[in-house]
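The values are calculated or read from the model by the stated rules, or taken from the named source; none is laboratory data. Keep in mind the model is a prediction, meaning the values are calculated, not measured. Backbone-built Cβ (ideal geometry, glycine too); neighbour counts: all protein chains shown. Protein only, heavy atoms only, side chains kept; ligands, DNA and RNA dropped before computing areas. Shrake-Rupley method; radii C 1.70, N 1.55, O 1.52, S 1.80 Å.
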Amino acid sequence: MAAFRQSFRRHAAGVAIITAVTPEGTPVGFTATSLASLSAVPPLATFNIARSASSWPAIAETDRVVIHMLGVRNRDVAEKLAGDNAVRFDGDHWYRGPHDLPVIKGVTSWMVGRIVERVFVHNNAVVVVQIEDGEVGDDDEALLYHERRYLTPGETA
């Protein structure tokens, strides 16, 4: 439906990266705008993923993921993780962190979480993650996705 697509293109969203590993230990990840806080106690977050996405098989099988919050300085890595899945982890923009999971360098924060539920809705999944650990990096201006472009907030409304 055109109104649905156009409406959500006009809905600015924060940009995050979700990473995991396959059972063989290969890193996978993707750029997401569907990240949301679900609960502070216990600390729960959610993200959505299409079950046809290249990262889905790993997300379907793994116990843990890393959620990365991005700032403006992370635009290039956001684009890289939104691009060709065969080259998302080519380069030195990441390292192996807790549980051998891929952690993206230089993000404003990252959190390791244990997947506690996967809710299937049509060809998609809502993934619920309980946060176990993490680190806060240097602050940065927010990176937003709006109208198919990466932006940073302008003047205060």
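To keep it simple, each residue is scored yes or no on (1) surrounded by 14 or more Cβ atoms within 10 Å (Cβ to Cβ); (2) aromatic (F, W, Y); (3) touching a residue at least 40 places away in the same chain (Cβ under 8 Å); (4) out of contact with any Gly (no Cβ under 9 Å at 6 or more places or on another chain).
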| residue | (1), (2), (3), (4) |
| --- | --- |
| I115 | yes, no, yes, yes |
| V121 | no, no, no, yes |
| V126 | yes, no, yes, yes |
| V129 | yes, no, yes, no |
| D139 | no, no, yes, no |
| E147 | no, no, yes, yes |
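When you check T19 against the structure, is it within 12 Å of the chain's Cα centre (by Cα), polar (S, T, N, Q) and open to solvent by less than 30 Å² (accessible area, probe 1.4 Å), yes or no?
Working: within 12 Å of the chain's Cα centre (by Cα): yes; polar (S, T, N, Q): yes; open to solvent by less than 30 Å² (accessible area, probe 1.4 Å): yes.
Spelling it out, T19 is indeed within 12 Å of the chain's Cα centre (by Cα), polar (S, T, N, Q) and open to solvent by less than 30 Å² (accessible area, probe 1.4 Å).
Provide a single number: the residues in segment 127-151 that are out of contact with any Phe, Trp or Tyr (no Cβ under 8 Å at 6 or more places or on another chain) and assigned to a strand (DSSP E or B).
11
Of all residues in segment 85-110 being assigned to a loop (DSSP other than H, G, I, E, B) and touching a residue at least 40 places away in the same chain (Cβ under 8 Å), which is farthest from T22 (Cα to Cα)?
Quick first cut of segment 85-110, residues assigned to a loop (DSSP other than H, G, I, E, B) only: 85-93, 97, 101, 105-108.
Okay, now just the ones that are also touching a residue at least 40 places away in the same chain (Cβ under 8 Å), so 85, 88-89, 101, 107.
Working: N85: 13, R88: 14, F89: 13, L101: 10, V107: 23 Å.
Here the answer is V107.
Would you please name the residue that is nearest to T46 (Cα to Cα), looking only at residues in segment 1-26 that are assigned to a loop (DSSP other than H, G, I, E, B) and among the hydroxyl-bearing types (S, T, Y)?
T22
All but one of (1) touching a Lys or Arg at 6+ places or on another chain (Cβ under 8 Å); (2) farther than 21 Å from G14 by Cα; (3) surrounded by fewer than 16 Cβ atoms within 10 Å (Cβ to Cβ) hold for H99, so report the exception by its number.
(3)
Restricting to segment 69-84, give me the number of residues that are in contact with an Asp or Glu (Cβ under 8 Å, 6 or more places away or on another chain) and farther than 12 Å from I17 by Cα.
Counting residues in segment 69-84 that are in contact with an Asp or Glu (Cβ under 8 Å, 6 or more places away or on another chain) and farther than 12 Å from I17 by Cα gives 2.
Given the structure, is E79 among the acidic types (D, E), surrounded by fewer than 20 Cβ atoms within 10 Å (Cβ to Cβ) and part of a strand (DSSP E or B)?
When the stated conditions are applied, E79 does not pass them.
What number of residues in segment 27-48 are outside any loop (DSSP other than H, G, I, E, B) and surrounded by 11 or more Cβ atoms within 10 Å (Cβ to Cβ)?
So the answer is 14.
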